[in-house]
Structures are given as structure tokens and as C-alpha cells.
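What follows is a single structure, written as C-alpha cells, with notes after it.
The values are calculated or read from the model by the stated rules, or taken from the named source; none is laboratory data. This is a predicted model, so every value here is computed, not measured. In this analysis, Cβ positions are derived from the backbone assuming ideal geometry, glycine residues included, and neighbour counts consider all displayed protein chains. To get the accessible areas, we keep the full protein, side chains included, count just its heavy atoms, and leave off ligands, DNA and RNA. Shrake-Rupley method; radii C 1.70, N 1.55, O 1.52, S 1.80 Å.
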Amino acid sequence: VDTNPTKGFTKIDGELKPVPMDDQPIFSQVGYKVDDYGLVLPLSKDLVEDEDANLLSYIGRWLAKKQVLTENKIILEALDKVKSTEVNAKPFDAIKKVLNVTLDPSIAMNSRIITNQTGYNILDVEKDTTGNYLFNNSLLRGTGFQLLDNAISVLSNLHLADVSGAAPMYIGDFKAYVTLFRRKNLEIRGTDIGGDAWRNNGYEMRAITRMCASVFDKDAVAKLTVKPTPSV
């Protein structure tokens, strides 16, 4: 992976003077190790033969949802490596500081926010000095969720849990931070003669996927853990 240059060209001392050769591209290596993920789902052969609700198609969609959950889990594990900053008050100010100061401007302009239901509720119930909700009156919503010019992705608390009573908020350019390597997309196969299916007069479905995630730019994302403001 190439790293961005940190300085411009060197001034040439005069006419017919040598052009400097004091800089060159610098690369860093990013390793990755692909892991296998899978599931075997045994079914009754009688059920497969007798059902009339397109069961196998439903199970295919069910397995596809599990693929997305697995991808999200791998990415969230990579995000969990980001050092967090605790925020006990004024979450909007903390987010703006991340965008204005913590992140490089080139990263901040492409940033979005990922939080859970608790984190979104913390932002959604913040009020100004007149008692009006900041989210509704002071922030651009557009379609979906948006904080200023930064889109917000809200995950279930089940998948992105609170940390010691505080909501995690990731802010940054996630495409720059992490890459998900898919060595093998979701493969779904079924059999009634392999595994234990033949002996048990059953039908087995198997799902296999191979992937992993690697961090590319560790400075492309910042993390806040925000505690709800105590009720008065």
C-alpha cells in the first residue's frame, strides 16, 4: 500500500543545477489471512419432499442474511482495535472535534458515523437551551440518518453492544480504514447422499464462505464511547 507523500518538490538551486533525488514513493505492507466460515443445516427428507412453501429458497435467503452478519462481525472486530475516547457530556461537540481536529481533513470530508441504537438515541434526544431537539431543528436529515453532512448508520444493540453503559460511535472513512477480503463468496450446496443425510433419510444444506478483514489506514477512523446524559 502506498503512503501519501509528506512534502513537495525541492527547490533547484539555479540554472543547470542537478535536479534533486531526495524523495521516492514509500510503501507499507498489509498482510491478511483468510478464514473459513460455514454451517451445515440438516433437514428431514420428508419435509423437503412434502412442503409446498419453497422451503429451500427461504433457507437460501436465511443463509444470505447470516453472510451479512458474519461480514459485519469481522469488520466490527477490526473497528474494535481503534482506541476510544470517553465522552460524558456534549456529544455533538465531541463529534465535531473529531471531524475538525482528530481526523485528517481529506478523511473527514468522506466520513460517516456508525453507532448503535443507544448512540443514536443519545444524539436524537439532545436539546438546545430553548428545549428544542437539536437533531430535528439544527441538523440536516435528508433521507435516512444524517449528522451535518455525515451519514449515520445505526446498528442494533444486539450486534454493536454498549461498552460499560456507554454507546460506541465510530467516525471516519471506513473504506480507507479497513478492507474486507472475500476469497470465496457464499457457496450453498445441498445433498441427500453425503454426510449423514443418506443414513438418516435426510437432506443436508451446507454454506461455506472464506474471508477476512485487514486494517489499511489506522488513522482513518476515531472512536467515541458516549454515556447518556443523566435525566434531571
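Annotation: per residue accessible area for region 1-158 equals 73 Å², rounded to a whole number [probe 1.4 Å, protein chains only]. Relative contact order of the chain, taken over Cα pairs closer than 8 Å and 6 or more residues apart, is 31 percent. Which FRET efficiency, nearest 0.05, do Phe27 and Asn72 yield, Cβ-Cβ r, R0 25 Å? The calculated FRET efficiency here is 0.25.
Peptides 170-176, 62-68, 220-226 ordered by packing proxy, namely the average of other Cβ atoms within 10 Å per residue, highest first: 220-226, 170-176, 62-68. How much FRET efficiency would the formula 1/(1 + (r/R0)^6) give for Trp62 and Asn185, where r is the Cβ-Cβ distance and R0 is 22 Å, rounded to 0.05? Efficiency computed from Cβ-Cβ geometry: 0.85.
Note that the chain carries a Kirkwood radius of 21.8 Å, evaluated over its alpha carbons pair by pair. If R0 is 30 Å, the Cβ-Cβ spacing of Asn110 and Lys11 corresponds to a FRET efficiency of close to 0.40. Working ranking of peptides 193-205, 42-54, 114-126 by packing, defined as the average number of other Cβ atoms within 10 Å per residue, highest first, is 114-126, 193-205, 42-54.
Rg/Rh for region 162-232 stands at 1.32; both radii use Cα atoms, and Rh follows the Kirkwood definition.
Can you list the residues of region 167-205 with backbone N under 18 Å from a point 7 Å past the Cα of Asp35, pointing along Cα to Cβ? Residues 178-187 fall inside that zone. Straight distance only, please: which aspartates and glutamates reach the Cα of Lys45 with their own Cα at less than 15 Å, same-chain residues fewer than 8 apart left out? Of all the aspartates and glutamates, those that pass the test against Lys45 - Cα under 15 Å, at least 8 places apart if same chain - are Asp192, Asp196, Glu204.
Rolling a 1.4 Å probe over the protein heavy atoms of the chain, with every protein chain left in place, gives an accessible area that is 52 percent carbon and sulfur.
Which links in Lys73/Lys227; Lys65/Lys97; Lys97/Lys218; Lys175/Lys223 stretch past 25 Å when you go from one Cα to the other? Violating the 25 Å limit, Cα to Cα: Lys65/Lys97. Note on Ala89 and Lys45: the extension gain reaches 10.0 nm, defined as 0.36 nm multiplied by sequence separation minus the Cα-Cα distance. With all pairs of separate Cα atoms included, region 69-122 yields a Kirkwood hydrodynamic radius of 12.9 Å.
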